[in-house]
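These notes concern the structure reproduced below.
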Amino acid sequence: MLDLDSAVLQEIDAAPDVRAALSARVQAVEKTATTGARIERVEVPVPVSVPLIDWMRAQPHSETVYWAGREEARTVAAVGAADVVASTAAPVDYDALGATLEARLRGAAPAVRYYGGVRFDAAQPSATDRPDRRWTPFGTYRFVLPRFELVSTETDLRLVCNLVRPRDTRRTEAVRERLKALALPSPEERPPLPRPYHRQNVPNHEGWTDMIRWALDAIQDESLDKVVLARRVTLALRDSMDPLLVLNHLETATPGCYHFALRPTDGPAFVGASPERLFRRDRRHVTSEAVAGTRPRGQTEAEDRALRAELLQSPKERREHAFVEDAIRTHLQTVCHGPICSPHGTGELALARGRHLHSRLTGTLRPETTTTDLLKVLHPTPAVGGVPTEKAVAAIRAQEPFDRGWYAGPVGWMGREAAEFAVGIRAGLVEESQIALFSGAGIVDGSTPDREWEEIEQKIGDFAAIMGVVDSDTASV
């Protein structure tokens, strides 16, 4: 963690009282008897405003989590790890993952959540011929129960400590010492991001054109209906920075999205502003979304209306969207009882810099369906993989000259009776001196290399705007 300016580290006046109150609550819990493993959630109110991202930056922990749901009035900033469920094995054993998390969450309060995600290509631990060491700390999957959380809702702000008993009984002093070190910084103006001095596209424009032409040939031969191919844009920075600063600037620039940051201990941060929900589960009710097809926003109201009409009426975009919706509906039917409904039909998801075709699908889960069952059947959707799924993922594995890692994988949280996952798109892997941005385009009959290149430029536009980036294959910026 980088040192913050002394101004940022100035604490609110109430900080000692808040820490003392939480420490007393933790001590009281530790003195109570317990039988068997149990997660205890201890929390106290914070009586004044504390900026969540600054709070994360101020802590002496490298393990960090940030989650702001698109439609949920609850934002969580978290540091440290009370418990970790992770694996580097592939393929992912979803049944084992589900059984482990179910056992850990049994009897836990509804507010207890494990945050994390899964690799895009859950069948492989890494790209075998082009592994990227930066993804190593994330593993094939990784879910973290944070040690400390700062939770903001519409009504209050609370500081939380999660305890795993009886294990943490042996760590009483260490937990309380870490609690004493928690800073509660005052709101301060955040520094600007350093400007990149070099940009590299992988693949470059020529390689991209070759890759798209290969995909169009496969579609013409009917071995594929759709495949989503991606690019990686790496920006080298002039100065070091705290990766969490990127999240702060990105959140301001991208309203209406899921905002997340996941950073394993001693690893880079996976940061994103995803417009796309994979699923939301509330007991037996499940909601998913089909998001596909892209157009930019217009500079004027008339131009914006014209671009909206163009998107809604485009046969190519509607075909791409239909692949996604049909696949999600089919997969939900395998774990739901009764019909899968689309209450509002196909419409538009309008964002600050772009728009997509969008439809919402809902259903009632069978009693035996678990959260990891939903992960298994829904990921990857054709919005990030393709149709047919297995052939499309194999094509991505063979054609893309980089390791996607967690890009386009499920990112979110699991609780005892609820869960929510976004698709990890519009995202980047952020270190102190560089950012690797990832974005993809759905290739169907009618796609062209140049148009799909420009679509990806538009999709990384939010990151580009906050970093001051210009387009280039491999050039100074």
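Given the residues Ala464, Ala383, Ala475, which is the only one that is at pLDDT below 95 and either among the acidic types (Asp, Glu) or more than 19 Å from the chain's Cα centre (by Cα) (or both)?
Ala475
Answer with yes or no whether Glu348 is touching a residue at least 60 places away in the same chain (Cβ under 8 Å) and of a type in the set (Asp, Glu).
Considered against the rule, which asks whether it is touching a residue at least 60 places away in the same chain (Cβ under 8 Å) and of a type in the set (Asp, Glu), Glu348 comes out as no.
Going residue by residue through region 213-222, is there one that turns out to be closer than 30 Å to Gln59 by Cα, of a type in the set (Asp, Glu), surrounded by fewer than 18 Cβ atoms within 10 Å (Cβ to Cβ) and at pLDDT 90 or above?
No; the residues of region 213-222 include none that is closer than 30 Å to Gln59 by Cα, of a type in the set (Asp, Glu), surrounded by fewer than 18 Cβ atoms within 10 Å (Cβ to Cβ) and at pLDDT 90 or above.
How about region 377-401: which of its residues are of a type in the set (A, V, I, L, M, F, W, C) and either free of Cβ contacts under 8 Å to residues at least 60 places away in the same chain or surrounded by fewer than 18 Cβ atoms within 10 Å (Cβ to Cβ) (or both)?
Within region 377-401, the first condition is being of a type in the set (A, V, I, L, M, F, W, C), and the residues that meet it are 377-378, 383-384, 387, 392-396, 398.
Within region 377-401, Val377, Ala394, Ala398 qualify.
Quick one: which of Ala183, Ala230, Ala236 is surrounded by fewer than 16 Cβ atoms within 10 Å (Cβ to Cβ) and of a type in the set (A, V, I, L, M)?
Ala236
Any residue in region 404-413 that is touching a residue at least 40 places away in the same chain (Cβ under 8 Å), surrounded by fewer than 21 Cβ atoms within 10 Å (Cβ to Cβ) and in a loop (DSSP other than H, G, I, E, B)?
Among the residues of region 404-413, not one is touching a residue at least 40 places away in the same chain (Cβ under 8 Å), surrounded by fewer than 21 Cβ atoms within 10 Å (Cβ to Cβ) and in a loop (DSSP other than H, G, I, E, B), which makes the answer no.
It is to be established whether one or more residues within region 245-258 are surrounded by 21 or more Cβ atoms within 10 Å (Cβ to Cβ), small (Gly, Ala, Ser) and either within 21 Å of His379 (Cα to Cα) or touching an Asp or Glu at 6+ places or on another chain (Cβ under 7 Å) (or both).
Looking through region 245-258, none of the residues is surrounded by 21 or more Cβ atoms within 10 Å (Cβ to Cβ), small (Gly, Ala, Ser) and either within 21 Å of His379 (Cα to Cα) or touching an Asp or Glu at 6+ places or on another chain (Cβ under 7 Å) (or both).
In region 223-339, which helices (runs of 4 or more DSSP H) lie fully inside it and hold 3 or more residues that are outside the structural domain of Pro367 (by TED's automatic domain parsing), acidic (Asp, Glu) and modelled with pLDDT of 90 or more?
Correct list: empty, since no element meets the threshold.
Mind listing just one residue for me: the one in region 315-331 that is within 15 Å of Glu455 (Cα to Cα) and crowded, with 16+ Cβ neighbours inside 10 Å and, of those, nearest to the chain's Cα centre (by Cα)?
Glu320
For Phe138, work out the one condition from (1) loosely packed, with under 14 Cβ neighbours inside 10 Å; (2) under 23 Å from the mean Cα position of the chain (by Cα); (3) of a type outside the set (S, T, N, Q) it doesn't fulfil.
Just one mismatch for Phe138, condition (1).
Tell me which residues, restricted to region 124-173, are closer than 15 Å to Gly405 by Cβ and of a type in the set (A, V, I, L, M).
The answer is Ala127, and nothing else.
Pairs please, first residue from region 289-312 and surrounded by fewer than 17 Cβ atoms within 10 Å (Cβ to Cβ), second anywhere and at pLDDT 95 or above and outside any loop (DSSP other than H, G, I, E, B), Cβ atoms under 6 Å, 6+ apart in sequence or on different chains.
Note: no pairs meet the criteria.
What do you reckon, is Tyr141 among the hydroxyl-bearing types (Ser, Thr, Tyr), within 24 Å of Ala174 (Cα to Cα) and in contact (Cβ under 8 Å) with a residue 24 or more places away in the chain?
Against the criterion (among the hydroxyl-bearing types (Ser, Thr, Tyr), within 24 Å of Ala174 (Cα to Cα) and in contact (Cβ under 8 Å) with a residue 24 or more places away in the chain), Tyr141 does not qualify.
Need pairs with beta-carbon distance below 6 Å; first residue closer than 14 Å to Glu173 by Cα and in contact (Cβ under 8 Å) with a residue 40 or more places away in the chain and within region 15-28, second of a type in the set (S, T, N, Q) and not in a helix (DSSP H, G or I); sequence gap 6+ or separate chains.
From residues that are closer than 14 Å to Glu173 by Cα and in contact (Cβ under 8 Å) with a residue 40 or more places away in the chain, there are no pairs.
Kindly list, by first and then second residue, each pair from a residue in region 360-372 that is under 19 Å from Leu97 (Cα atoms) and part of a helix (DSSP H, G or I) to a residue that is among the hydroxyl-bearing types (Ser, Thr, Tyr) and modelled with pLDDT of 95 or more, limited to pairs with Cβ atoms under 8 Å and residues at least 6 apart or on different chains.
Thr372/Tyr94
Filtering region 96-138 down to residues that are closer than 26 Å to Thr172 by Cα, assigned to a loop (DSSP other than H, G, I, E, B) and among the charged types (D, E, K, R), which residue is modelled with the highest pLDDT?
Among residues in region 96-138 that are closer than 26 Å to Thr172 by Cα, assigned to a loop (DSSP other than H, G, I, E, B) and among the charged types (D, E, K, R), the one modelled with the highest pLDDT is Arg113.
The values are calculated or read from the model by the stated rules, or taken from the named source; none is laboratory data. It should be emphasised that the depicted structure is a prediction, and the values quoted were computed from it without experimental measurement. We place every Cβ from the backbone using ideal geometry, glycine too, and count neighbours over all the protein chains shown.
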